[in-house]
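Some notes on the structure that comes next.
Here, each number is a calculation from the coordinates, and none is a lab measurement. Nothing here was measured: the structure is a model prediction, and the numbers come from that model. Using ideal geometry, Cβ is built from the backbone for each residue, glycine included, and neighbour counts are taken over all protein chains shown.
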Amino acid sequence: MAACAGCSEETERDKAFEMGEGRLLCPKCFVERAQSKKSLTGEDRRRLKEAVKQELAGLLPRDRIRDILEECYTNILKGSDLDEEVGRATNEIERVAGLALCKELLSMLGGISKALEDEDAEVREKIRRIGSL
Ligand SMILES: [Zn+2]
């Protein structure tokens, strides 16, 4: 439990929203603030960028995304259709993001599978010891 930075009421930590600098908002205050916010301040933008960077770091291949965007920009400068180029770049980024997520999921499943194998071996060892008593 922790105090909400909006209404000061106690709120469960796993249901609260982290607002940076240790400040938490309960779901009710979070929704109220999100709805009242018409435009982002410079500080909001900075925090949002930071959050996105943290979430995506290590997941999306940055160089590949940069290449796609640079190619898109170059083609537009050369006179290609703007909508077509943006659409193509968006599709390509979605494809890269999809593959990156699949890779992440596979590695998570690999981790789970390894943990289960270890546990299985431990259980078998215990059963073996019980049998030899
Ligand atoms: Zn609150």
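Taking the Cβ of Lys28 as the centre, find all other residues whose Cβ is under 14 Å away and add up their charges (Lys, Arg: +1; Asp, Glu: -1).
Here the count lands on -2.
What is the set of long-range amide H partners of Ala3 at a cut-off below 5 Å, with H atoms built 1.01 Å from backbone N?
So Ala3 has HN proximity to Thr11.
Placing unit charges on C-beta atoms (Lys and Arg positive, Asp and Glu negative, everything else neutral), compute the dipole magnitude of region 61-131 about its Cα centre in debye, rounded to 20.
My answer is approximately 500 debye.
Using Cα-Cα distances under 8 Å and only pairs 6 or more residues apart, what relative contact order does the chain have, in percent?
It rounds to 13 percent for the chain.
If I take R0 = 22 Å and measure r between the Cβ atoms of Glu117 and Asp14 in this structure, what FRET efficiency does the formula 1/(1 + (r/R0)^6) give, to the nearest 0.05?
The computed FRET efficiency comes out at 0.15.
Measuring from label point to label point, each 7 Å out along Cα→Cβ, what is the Asp44 to Glu70 span in nm?
A separation of 3.3 nm, rounded to one decimal place.
Quick one: order Ser107, Ser80 by neighbouring beta-carbon count within 10 Å, fewest to most.
Ser107, Ser80
Using DSSP to call loops (not H, G, I, E or B), can you name the GluC sites (Glu not before Pro) in region 1-106 whose Cβ has at most 14 other Cβ atoms within 10 angstrom?
Listed in order of number, the matching sites are Glu9, Glu12, Glu21.
Could you give the size of the charge dipole of region 1-117 about its Cα centre, using +1 on the Cβ of each K and R and -1 on the Cβ of each D and E, expressed in debye and rounded to the nearest 20?
For this selection, approximately 260 debye.
Over the alpha-carbon set of region 61-131, work out the extent along each principal axis and list the three values in angstrom, largest first.
78, 18, 6
For a footprinting-style exposure proxy, rank Cys29, Cys7 by other Cβ within 10 Å, fewest first.
Going from least to most buried by this count: Cys7, Cys29.
In region 47-133, what trypsin sites (Lys or Arg not before Pro) fall in a loop by DSSP, with at most 13 other Cβ atoms inside 10 Å?
Taking region 47-133 and a limit of 13 other Cβ atoms within 10 Å, the loop trypsin sites (Lys or Arg not before Pro) found are Lys78.
By what distance, in whole Å, do the Cα atoms of region 1-126 stretch along each of the three principal axes, largest value first?
Largest to smallest, the principal-axis extents are 67, 51, 19 Å.
Roughly how far apart, in whole Å, are the Cα centres of region 63-82 and region 89-121?
One Cα centre to the other: 29 Å.
Give the order of Val96, Val31 when sorted by the count of other beta carbons within 10 angstrom, beginning with the fewest.
The most exposed by this proxy come first: Val31, Val96.
Across region 68-78, in residue order, what do the Karplus-derived ³J(HN,Hα) couplings come to in whole Hz, using 6.51 cos²θ - 1.76 cosθ + 1.60 with θ = phi - 60° and x for Gly and Pro?
With the stated coefficients, region 68-78 comes to 4, 5, 5, 5, 4, 4, 4, 5, 5, 4, 6 Hz.
How much length, in nm to one decimal, is gained on full extension between Glu84 and Cys7, taken as 0.36 nm per residue of separation minus their Cα-Cα distance?
Additional length available on full extension: 23.0 nm.
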